[in-house]
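Asker: Provided herewith is a single structure, encoded as structure tokens, for subsequent inquiry.
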């Protein structure tokens, strides 16, 4: 059993690193000022204000934000890069979209700088997090320690993200711009710039239907759609060998290019079905270029040639996951490689069932450096039951880093924020996407201590019990059911007293509520394993009460309302 060590962590944050005699603050007072340059970006203004607010909460000291002309020779916190301080920072200005940053001391001054779009802001949040112990766990839970004195040590700290484009797709996480920025995530589907800077937006998913809608085109142009078993069928895929399909896609894509939202990529990809075209012309092109992926790259390359200054993305997904032959993606074509068929019980690179994926990955890497990984980190069949995959999060991301993937999307509970350990998983993933060398177990301890309060020891034991469900011969996809053999009556009987102890340890209603959402995992697991018994032993009654109170989604498509209305028979 692993030790949770909450108190030790907090003490280290408060008393660590006292190399100099200069106090950033002491006894609710500070001699420091925050210096913000006139050319500061929107996010640098936000960072300066957040630094002021959090230093006030931590220390009680009021530290003013002032212009450079009010800077003294010492006791300054400089926010952002500026030529006037270049001899103390970097000699050259960081690129605006560079997410890396540095915070360092020179004498009694502190300098925090990076790319103006997000890098400087990330540096401020990292300083608060690394040096002062602030944590942004969820949209509702922030840990801000109270510290009487902080002696500013010698600092020269630089960070660079492991992955350039980082997306944690959990509803409660990526829809909160403040939480997302403070945990250094930088990609979403579409969002206008906020005070936290401009994110990387990506337009579209399964966009064949978006670009050539069946409702608009099938009646007049059935030849645009898949030919199967002697006829053209609606709501299928596109007939990619048809020149008019290419012309129509290009024309319609031009209308989608948005001058307001700065998309770094536009999607031209297959619909989410297996109804690919089987006409003779499509088959000839597939034979020439190595199968279904070959005709897609042939088609998307032609689209990308019409938009040479825009990244055009497409899927390597299901029937197109294999790499093509005799053709390479253009330089402005992005391949979104999906791991949906993989086992998520063991690291993706070493697990035997995953070797076909690894082969496809390597084959694609031989053709292009432009790989976007679409990874799956929750149970999409049943969001609420335990899904013991924390052990693979780090090694899988390290595999993506090692292979120099430019982007990683961690696909989670995007319809609901109330699934199995969803808050913790989103937070841990954000940390690992930024720095893939971090220790998952330490991150889990950090979150459990900060989020579950005095109930943390019991929640940690329950978490360990869940992760221990994975054995050497366990293979687990991302669509498992509660009747899966990894779940046993013994697991449930061992879990229930831990959760009841966690309830008893909870110091207030907020902590009890968080424990309740852990309890939901076991209640729903018991229900789907034995519905009849659940109606008689009180399990269903307790489950129904939580469903009515919290309204979680069961999976992508089934809401709490569906569950309630059908008494769980969904």
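Asker: Mind counting the residues in region 413-434 that are touching a strand residue (DSSP E or B) at 6+ places or on another chain (Cβ under 8 Å), within 13 Å of residue 380 (Cα to Cα) and either modelled with pLDDT of 95 or more or not in a loop (DSSP other than H, G, I, E, B) (or both)?
Answerer: 0
Asker: Another question, if that's okay. Can you tell me which residue is farthest from residue 298 (Cα to Cα) among those in region 221-243 that are in contact with a strand residue (DSSP E or B) (Cβ under 6 Å, 6 or more places away or on another chain) and assigned to a strand (DSSP E or B)?
Answerer: Here the answer is 232.
Asker: In the same structural domain as residue 440 (by the TED database), crowded, with 23+ Cβ neighbours inside 10 Å, closer than 21 Å to residue 208 by Cβ and touching a strand residue (DSSP E or B) at 6+ places or on another chain (Cβ under 8 Å): does that describe residue 293?
Answerer: On the way: in the same structural domain as residue 440 (by the TED database): yes; crowded, with 23+ Cβ neighbours inside 10 Å: yes; closer than 21 Å to residue 208 by Cβ: yes; touching a strand residue (DSSP E or B) at 6+ places or on another chain (Cβ under 8 Å): yes.
Here the answer is yes, as residue 293 does meet what is asked.
Asker: Do the conditions hold for residue 99, that is, is it farther than 16 Å from residue 34 by Cβ, assigned to a loop (DSSP other than H, G, I, E, B) and free of Cβ contacts under 8 Å to residues at least 40 places away in the same chain? Give the derivation first.
Answerer: Values: farther than 16 Å from residue 34 by Cβ: yes; assigned to a loop (DSSP other than H, G, I, E, B): yes; free of Cβ contacts under 8 Å to residues at least 40 places away in the same chain: no.
Against the criterion (farther than 16 Å from residue 34 by Cβ, assigned to a loop (DSSP other than H, G, I, E, B) and free of Cβ contacts under 8 Å to residues at least 40 places away in the same chain), residue 99 does not qualify.
Asker: Could you say which residue among 361, 414 is surrounded by fewer than 20 Cβ atoms within 10 Å (Cβ to Cβ) and more than 22 Å from residue 468 (Cβ to Cβ)? Reasoning before the result, please.
Answerer: Numbers: 361 fails: surrounded by fewer than 20 Cβ atoms within 10 Å (Cβ to Cβ).
Just a single option satisfies the conditions, and that option is 414.
Asker: Does region 460-470 contain any residue that is surrounded by 20 or more Cβ atoms within 10 Å (Cβ to Cβ), outside the structural domain of residue 133 (by the TED database) and either over 19 Å from residue 518 (Cα atoms) or in contact with a strand residue (DSSP E or B) (Cβ under 7 Å, 6 or more places away or on another chain) (or both)?
Answerer: No, region 460-470 has no match at all.
Asker: If we scan region 59-67, do we find a residue that is buried (at least 21 other Cβ atoms within 10 Å of the Cβ) and within 29 Å of the chain's Cα centre (by Cα)?
Answerer: no
Results for (1) out of contact with any strand residue (DSSP E or B) (no Cβ under 9 Å at 6 or more places or on another chain); (2) without any contact (Cβ under 8 Å) to a residue 60 or more places away in the chain; (3) surrounded by fewer than 16 Cβ atoms within 10 Å (Cβ to Cβ); (4) not assigned by the TED database to the domain that holds residue 471, shown as yes or no for each residue.
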| position | (1), (2), (3), (4) |
| --- | --- |
| 260 | yes, no, yes, yes |
| 280 | no, yes, yes, yes |
| 283 | yes, yes, yes, yes |
| 323 | no, yes, no, yes |
| 327 | yes, yes, no, yes |
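The values are calculated or read from the model by the stated rules, or taken from the named source; none is laboratory data. If you're wondering where the values come from, they're calculated on a predicted model, not measured in any experiment. Please note: Cβ atoms are built from the backbone with ideal geometry, for glycine as well, and neighbour counts cover all protein chains shown.
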